[in-house]
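These notes concern the structure reproduced below.
The values are calculated or read from the model by the stated rules, or taken from the named source; none is laboratory data. The model shown is predicted, which means the values in this text are computed figures rather than measured ones. Cβ placement follows ideal geometry from the backbone for every residue including glycine, while neighbour counts extend to all protein chains displayed. To get the accessible areas, we keep the full protein, side chains included, count just its heavy atoms, and leave off ligands, DNA and RNA. Shrake-Rupley method; radii C 1.70, N 1.55, O 1.52, S 1.80 Å.
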Amino acid sequence: MTLHLNDITLTYPDGGQRLTALDRVTLTAAAGTLTAVVGPSGSGKSSLLAVAATLITPDAGAVVLDGRDLRGLSRRETERVRRDEIGIVFQSPNLLASLTAMEQLVVVAHLRGEDLAVARRRAIDLLAAVGLGDRAEHRPHQLSGGQRQRVTIARALMNDPSLLLVDEPTSALDRARGEAVLDLLRSLTLERGLTTIMVTHDHDHLVAADQVIEIVDGAVTGQAPAGLRRTGPGLS
Ligand SMILES: Nc1ncnc2c1ncn2[C@@H]1O[C@H](COP(=O)(O)OP(=O)(O)OP(=O)(O)O)[C@@H](O)[C@H]1O
Ligand SMILES: [Mg+2]
């Protein structure tokens with residue numbers, strides 16, 4: 001899908017005042033492309049993802065998915081869009097300690113009321129797709145940091161989203177593992193025609209992105225195509 005953020009302003013309560021986390025942010029991301037979001041700590045990167053994820057309603061501006069302005073949707077319709085079309089990988093890994101990799105994925109579908117056998121089959125496929133086919137029965141403490149991160153990515157794909165939002169997927173990883181996760185995100189983006197937005201601190205990752213958005217103090221200060229431009233599958 002095409003994600004368009006149009007002139008988004010977001011403020012948070014801050015003592016008696018308001019803190020401006022996003023200051024008139026505009027960006028467009030197309031299907032089959034990877035957008036990297038960079039900027040200093042506290043600059044608004046996670047806030048940007050939360051707005052795109054429909055988790056926070058901005059003070060002003062529009063989130064537009066494939067031409068649908070979300071301001072025109074009811075709360076229930078917005079929840080449906082989030083549930084069916086958006087995959088989110090949060091900044092802090094949030095796997096449940098007592099569940100195996102397989103169960104982390106299946107529980108998401110089960111909570112949505114899906115058939116368990118169907119969910120298990122999809123979970124097996126997704127764990128294989130992220131290179132964890134042989135780790136399905138392992139619990140988080142039995143997995144490496146990179147493997148845990150890949151479980152969270154597989155889990156975000158359980159609803160077969162069109163929009164994948166990933167917050168600092170490699171920050172806890174060493175260089176080799178970080179690169180493996182980035183390669184995975186890039187190939188998933190191409191193979192599945194995903195619109196992927198990835199926050200990163202690592203400037204080495206920018207060559208893998210189709211565009212780079214730099215945010216400072218909540219405002220976009222730089223927007224550039226990066227690396228070798230690739231041709232997506234042409235979905236939108
Ligand atoms: N729920 C909240 N209430 C109030 N202020 C918040 C809230 N969430 C974030 N902020 C503030 O908004 C600003 C942007 O925060 P955000 O988490 O988007 O930054 P970030 O770029 O993701 O930072 P980091 O790289 O450290 O993760 C910061 O000044 C932060 O303190
Ligand atoms: Mg953040």
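Pop a pseudo-label 7 angstrom from the Cα along the beta-carbon direction at both Val118 and Asp59 and give the gap in nm to one decimal.
A separation of 4.3 nm, rounded to one decimal place.
Pairing the Cα long axis of helix 145-156 with the longest principal axis of the chain, what angle in degrees results, from 0 to 90 and rounded to the nearest 10?
The two axes meet at around 80 degrees.
Rounded to the nearest 0.05, what FRET efficiency do Asp183 and Asp125 give with R0 = 22 Å and r taken as the Cβ-Cβ distance? Could you check?
0.70
Ignoring ligands and nucleic acids, what accessible area does Ser98 show with a 1.4 Å probe (Å², nearest 10)?
Answer for Ser98: close to 80 Å² accessible.
Roughly how many percent of the accessible protein surface of segment 33-183 is carbon and sulfur, given a 1.4 Å probe and a whole-percent answer?
Accessible surface attributable to carbon and sulfur in segment 33-183 totals 50 percent.
Grab every C-alpha pair in the chain, bin the distances at 5 angstrom width from 0 up to the longest one, and report whole percents.
1, 7, 14, 18, 19, 17, 12, 8, 3, 0, 0
Of all DSSP beta bridges located in the chain, what percent are antiparallel, nearest 5?
Bridges in the chain that DSSP calls antiparallel: roughly 55 percent.
Tell me the mean residue ellipticity at 222 nm calculated for the chain from its helices only (DSSP H runs of n ≥ 4, each -39500 (n - 2.57), averaged over every residue, nearest 500).
-10000 deg cm²/dmol
Starting from 0.36 nm per residue, how many nanometres of slack lie between Arg139 and Glu79 once their C-alpha separation is accounted for?
Using 0.36 nm per residue and subtracting the Cα-Cα distance, I get 18.6 nm.
When the chain is treated as a GNM, springs tying every alpha-carbon pair under 10 Å, which of Gly72, Gly222, Gly15 comes out with the largest mean-square fluctuation?
Gly15
Given charges of +1 on the Cβ of Lys and Arg and -1 on the Cβ of Asp and Glu, with all other atoms neutral, how large is the dipole of the chain about its Cα centre, in debye to the nearest 20?
420 debye
If amide H atoms are built 1.01 Å from N in the plane of the peptide, which residues on other chains or at least 5 residues away come under 5 Å of the amide H of Leu164?
Amide H neighbours of Leu164: Gly87, Thr195, Thr196, Ile197.
Give me the accessible area of Asp217, 1.4 Å probe, in Å² rounded to the nearest 10.
120 Å²
With Kirkwood's inverse mean 1/r over C-alpha pairs for Rh, give me the Rg to Rh ratio of segment 1-128, two decimals please.
1.02
Report, to the nearest 10°, how far helix 175-192 tilts away from the longest principal axis of the Cα atoms in the chain, using its own Cα long axis and a range of 0 to 90°.
The helix 175-192 is inclined about 80 degrees to the chain.
On C-alpha positions alone, give me the angle between the axis of helix 101-111 and the longest principal axis of the chain, in degrees, nearest 10.
Result, in degrees: 60.
Could you run the Karplus curve 6.51 cos²θ - 1.76 cosθ + 1.60 with θ = phi - 60° over segment 80-87 and give me ³J(HN,Hα) per residue in whole Hz, x for Gly and Pro?
Going residue by residue, I get 5, 4, 5, 5, 9, 10, 10, x Hz, with x marking Gly and Pro.
Under 19 Å from a label point 7 Å along Cα→Cβ of Glu191: give me every residue in segment 60-97 with its amide N that close.
Backbone N within reach: 87-89.
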